[in-house]
Amino acid sequence: MLYHPENIEAKWRKEWKKTGLYKVSNHSNKPKYYVLDMFPYPSGAGLHVGHPLGYIASDIFARYKRLKGFNVLHPMGYDAFGLPAEQYAIQTGVHPANSTETNVNRYREQLDNIGFSFDWNREVRTSDPSYYKWTQWIFLKLFNHYYDLVTQKAAPISELIKIFETSGNFHLQVANSQDATFTAEEWKVMSDKEKDAVLMNYRLAYRKIGYVNWCEALGTVLANDEVKDGLSERGGYPVEKKAMMQWSLRITAYAERLLADLDTLEWTDALKAMQRNWIGKSEGAQLFFEVAQSHQKIEIFTTRPDTIFGSTFMVLAPEHDLVDILVTTDQAETVKSYKEYVASRSDVDRMSEIKEVTGVFTGAYATNPFTGKNVPIWLGEYVLKDYGTGAIMAVPGDDERDYNFAKKFGLEIIDIVDRTDYPNAAPHEKVGKMINSDFLTGMEVKDAITAMLNKIEERGIGTRKTNYKLRDANFSRQRYWGEPFPIMYNHNGVAIPLTTQQLPLILPQLENFKPAPGGKSPLVRVESWVNQFEGFQLETDTMPGFAGSSWYFLRYMDPDNKDNFASEQALNYWQDVDLYVGGTEHAVGHLMYSRFWHKFLYDLGYVPTTEPFKKLINQGMITAYGYYADHLKMPDGSILTGNIKDLVNIDEITAGNPVRLSYIYDYLDSQNRITQSKFKEYWEHIGKDYHVDGNLSKYFWITEDGSEPYFTVNIVQEKMSKSKFNVQNPDEIVARYGADCFRMYEMFLGPIEQSKPWDTKGIDGVNRFLRKYWALYFNNNEWSVSDEKPTGEEYKILHTAIKKITDDIERFSFNTCVSAFMMCVNELKRIECNNRTILNSLNILLAPFAPFITEELHHLLGNDGSVHEAAYPEYDEQHMIQDAVEYPVCVNGKKRDVIAVASSMTPKEIQDYVMTLDAVKRHVGDKAVQRVIVVPGKMINLVVKE
RNA sequence: GCGGGUGUGGUGAAAUUGGUAGACACGCUAGACUUAGGAUCUAGUGCCGCGAGGCUUGGGGGUUCGAGUCCCUCCACCCGCACCA
């Protein structure tokens with residue numbers, strides 16, 4: 001019987017479906033284990049070989065845990081709301097729900113092909129009303145809560161209202177964006193509209209003015225990555241910042257907990273570092289500079305209060321609220337045009353462009369609270385509205401950016417830190433001795449900071465403050481294909497939440513998906529939907545992609561629940577995700593928002609854990625090789641560049657990019673060169689696909705020795721993408737080699753967290769392994785398995801494999817597992833082992849990696865039930881005892897010989913024996929042996945003095 | 001600039017606590033079988049050298065009996081953040 005994966009795999013795929021092998025129950029005596037993959041956005045391009053890498057790893061781990069006796073939750077679903085489907089709808093009129101459905105079906109087919117052990121009964125789609133009902137429900141909870149900084153917990157907004165009614169908002173320690181204070185009396189006489197505006201400054205989901213990338217020509221709002229150099233990526237039209245009323249989530253309230261709890265997680269240091277960076281905690285002082293001849297005060301935040309004596313001017317963000325109030329009449333024109341200039345610049349430009357200092361003087365002055373001097377107030381684009389208070393006290397003597405600004409505009413510079421004791425310190429390090437600083441002079445920077453903070457608080461002009469870089473997330477999208485906000489507005493524009501009974505608020509049918517005038521969501525046009533609740537108008541913005549993905553892992557626990565997002569029983573049983581596998585591209589956004597929502601739900605008592613993802617592994621990207629001809633010689637001696645798509649008309653190629661030569665690998669020689677005749681073959685092959693025509697001889701180097709002209713192809717690693725013609729579909733690999741082979745080959749490629757190029761050249765090795773493994777059970781294609789008692793050697797080979805593979809699975813080193821299987825099979829083959837006991841155990845060991853072939857052999861071996869429900873083989877050390885040990889013999893650390901000695905020999909006996917070896921004598925010569933080091937079981941080293 | 005990561009044969013890689021560098025594969029070379037299929041099997045394969053031997057984990061230096069692994073320093077590439085007060 002020959003190994004035919006296509007038959008075996010089709011058979012078991014069907015059988016498993018029939019028996020519901022991978023169905024998981026929420027009721028079990030077994031310990032739970034939750035293995036989760038980041039669910040995919042179902043794009044029109046389908047899966048390529050890079051996507052399943054993480055899924056295969058997690059599937060192996062899930063199957064392993066099942067064999068080890070755990071009740072394993074291993075679900076899959078779809079992040080089904082998203083911009084591409086909407087874009088596609090605008091272009092083609094196909095409803096996003098329909099294109100998403102098509103794409104989901106294709107994904108499902110591709111996933112099924114690979115043999116994953118997902119429990120598809122638990123599938124979730126974020127765009128399904130029965131799912132987004134609960135996304136809306138969580139949103140309403142956020143809307144109806146504020147954050148108490150004293151208890152470090154979310155609390156109902158109704159309690160806050162009670163506080164307002166009794167004592168206004170004085171002395172409140174809560175997360176907020178409220179500037180003004182008010183008394184209980186003042187609160188009571190406020191109109192509904194005013195109250196609504198105040199409460200927005202406390203709610204965890206709230207409305208505020210936010211800035212969006214507005215493109216007038218396209219009549220739409222663009223995402224950051226759709227804007228390049230201040231122009232829209234599509235069309236190249238100008239993009240400007242536009243103020244719009246937007247929903248936001250007050251994630252900043254949770255900054256401290258998001259930071260502190262990182263320590264409890266088993267994530268990589270790199271990932272934790274990224275999150276810490278993003279949260280960006282800094283401690284310093286908040287204080288005020290009074291504006292001269294005015295009642296205004298400018299609030300600033302500084303981490304270096306010690307440098308106040310060197311603050312000779314202030315810089316405000318051009319968008320700062322006070323700018324228009326402060327500006328003097330003679331500077332008004334200058335300031336206005338500068339503000340226009342800054343508005344025209346995208347965030348990316350403003351931050352990443354080569355440092356060219358820009359700024360204007362407002363004409364106004366503020367008073368330095370310590371020197372008492374009047375300092376000029378400037379505007380500069382290097383100060384950001386959203387960071388800190390949007391204003392800084394500039395200290396050109398100790399800050400590089402302030403220094404450059406002062407230099408450019410001829411402002412006063414005072415040295416306040418003497419760094420001569422720290423010649424190697426970086427400019428931003430907080431070290432040195434204070435000079436020219438009144439009472440601080442002579443202090444070390446660290447002491448000066450403390451002294452100044454005390455002084456500031458003593459004088460009552462400011463307070464100690466912790467600042468976070470983390471910003472509240474913009475939660476509004478002017479789009480159709482997202483969750484509708486369960487919010488309506490009354491005639492006063494006051495936001496009224498829908499009730500739970502009114503959820504889900506379902507998206508209406510739509511035919512025209514183009515944005516409505518003013519950059520509004522196309523939902524505005526569906527008046528019957530907007531006005532469905534009499535006297536009220538529904539919010540027409542929708543939620544962003546990260547809404548649905550911030551809690552989907554909880555829904556898997558109880559996906560069909562109609563009364564709750566998941567039952568208490570399910571949540572208490574599954575608790576949290578034990579292992580989460582996904583790409584680094586979600587390192588910050590998705591993981592941060594999920595943690596935030598989870599902590600919020602924890603505060604409300606809905607989930608039993610404070611963190612959603614205990615352990616996290618980032619799989620690397622699978623890249624493709626790109627083949628480029630970047631030195632093609634033209635007749636005039638210039639270098640030819642261009643893109644392969646341009647080769648449709650060869651004479652139109654222009655300088656710009658290297659020429660991409662897709663699928664050229666098979667035509668290259670060992671030095672990656674291609675000769676003229678080989679290129680013609682390639683050309684004809686490509687020509688069929690791309691209708692390329694033209695005279696090629698002009699691109700070849702002419703060789704001097706008369707051999708065939710050639711050029712050299714440059715090989716690089718690049719992302720897989722449709723536009724690069726380098727996408728590899730897993731279906732093709734599975735069709736040719738089988739899913740077992742595909743799975744093992746992806747693991748064999750290298751460490752899971754490393755990115756690596758896809759290359760099918762090595763797949764034959766894994767294919768041969770599976771055939772060899774199959775062949776162990778057969779003799780001349782006849783089933784041939786022996787029932788004898790295994791020999792010591794057979795046991796030893798098996799248990800070596802059990803130990804190595806089990807250890808390696810536990811540390812997610814799947815590539816070395818595959819090697820270990822290969823070695824084991826090579827060894828068993830060498831001694832012609834066909835022993836049932838051995839093969840049966842090995843088969844279970846291999847089952848997580850190659851679920852199909854092992855299931856087939858499990859049944860051929862006469863076992864009942866599935867191999868995937870068998871018991872994992874126990875490692876038994878007694879089979880590993882060996883009577884002889886091999887030792888490398890080194891002289892001065894260099895290996896000179898290898899000896900085998902009885903394991904009973906003492907170090908002394910080994911030493912004496914070693915001295916008699918020829919190789920040792922040769923290398924020791926007349927010199928004296930100073931020391932002999934015997935590391936038991938490892939090696940022997942002779943130290944010889946020269 | 002800051003933070004994180006990577007660098008080992010022709011290629012993908014292994015070496016888990018400082019202990020035989022290159023396991024396991026791909027490729028390549030030679031041979032066997034087969035009247036050619038891109039099948040299978042055997043042997044060889046880091047580099048230099050006929051050989052003894054020498055050299056070798058991005059470069060340089062150090063600690064150690066012993067360093068891919070630890071320390072210092074420099075270089076290259078990748079990822080994330082970035083005028084962060």
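The slack between residue A:4 and residue A:568, meaning 0.36 nm per residue of separation minus the straight C-alpha distance, is 198.3 nm. Each other residue within a Cβ distance under 11 Å of residue A:82 adds +1 if Lys or Arg and -1 if Asp or Glu, for a net charge of 0.
Projecting the Cα atoms of A:899, A:258, A:726 onto the charge dipole of chain A (Cβ charges, centred on the Cα centre) puts A:899 farthest toward the positive pole. Quick check: net charge around residue A:464, other residues with Cβ under 10 Å of its Cβ, Lys/Arg +1 and Asp/Glu -1? With Lys, Arg at +1 and Asp, Glu at -1, the net is -1.
May I ask you to rank A:549, A:130 by accessible area, largest first, using a 1.4 Å probe over the protein chains only?
On the way: A:549 10, A:130 65 Å².
Per-residue accessible area, sorted high to low, gives A:130, A:549.
What angle, in degrees between 0 and 90 and rounded to the nearest 10, separates the Cα long axis of helix A:400-409 from the longest principal axis of the Cα atoms of chain A? Once rounded, one gets 40 degrees. Using only side-chain charges placed at the Cβ, +1 for Lys and Arg and -1 for Asp and Glu, the dipole size of segment A:281-468 relative to its Cα centre rounds to 180 debye. Looking at segment A:764-858, the trypsin sites (Lys or Arg not before Pro) that sit in a DSSP loop and have at most 12 other Cβ atoms within 10 Å of their own Cβ are A:811. The charge dipole of chain A, taken about the Cα centre with unit charges on the Cβ atoms of Lys, Arg (+1) and Asp, Glu (-1), comes to about 940 debye, rounded to the nearest 20. Between residue A:341 and residue A:457, the contour length at 0.36 nm per residue exceeds the alpha carbon distance by 37.9 nm.
Taking all protein chains as shown and a probe of 1.4 angstrom, residue A:177 keeps an accessible surface of around 50 Å². For the listed residue pairs A:297/A:336; A:804/A:894; A:385/A:469; A:242/A:408; A:242/A:336; A:281/A:465, the alpha carbons are over 19 angstrom apart in A:297/A:336; A:804/A:894; A:242/A:408. Tell me the angle of helix A:589-603 to the major Cα principal axis of chain A, expressed in degrees between 0 and 90 and rounded to the nearest ten. Once rounded, one gets 70 degrees. Axis angle, to the nearest 10 degrees, between helix A:329-343 and the longest C-alpha principal axis of chain A: 20 degrees. Here the simple spin-label model places points 7 Å from the Cα toward Cβ, and for residue A:903 and residue A:299 these points are separated by 7.2 nm. Computed over chain A, relative contact order equals 13 percent, with contacts defined as Cα pairs under 8 Å that lie 6+ residues apart. A run of chain A free of exposed loop cleavage sites, with chymotrypsin sites (Phe, Trp or Tyr not before Pro) counted only in DSSP states other than H, G, I, E and B and at most 15 other beta carbons within 10 Å, reaches its longest extent at A:664-946. The trypsin sites (Lys or Arg not before Pro) of segment A:179-210 include none that DSSP puts in a loop with a beta carbon having at most 13 other beta carbons within 10 Å. Work through the residues other than residue A:296 whose Cβ is under 11 Å from its Cβ and net out their charges, Lys, Arg +1 and Asp, Glu -1. After counting each charged neighbour, the total is -2.
Is the shape of chain A best called rounded, prolate or oblate, per the rule: a/c under 1.5 gives rounded, else a/b larger than b/c gives prolate, else oblate, with a ≥ b ≥ c the square roots of the Cα gyration tensor eigenvalues? Prolate.
The values are calculated or read from the model by the stated rules, or taken from the named source; none is laboratory data. Worth saying up front: this structure is predicted, and the values here are computed from it rather than measured. Cβ atoms come from the backbone with ideal geometry, glycine included; neighbour counts cover every protein chain shown. Quick note on the areas: whole protein, heavy atoms, side chains included, nothing else; ligands and nucleic acids left out. Shrake-Rupley method; radii C 1.70, N 1.55, O 1.52, S 1.80 Å.
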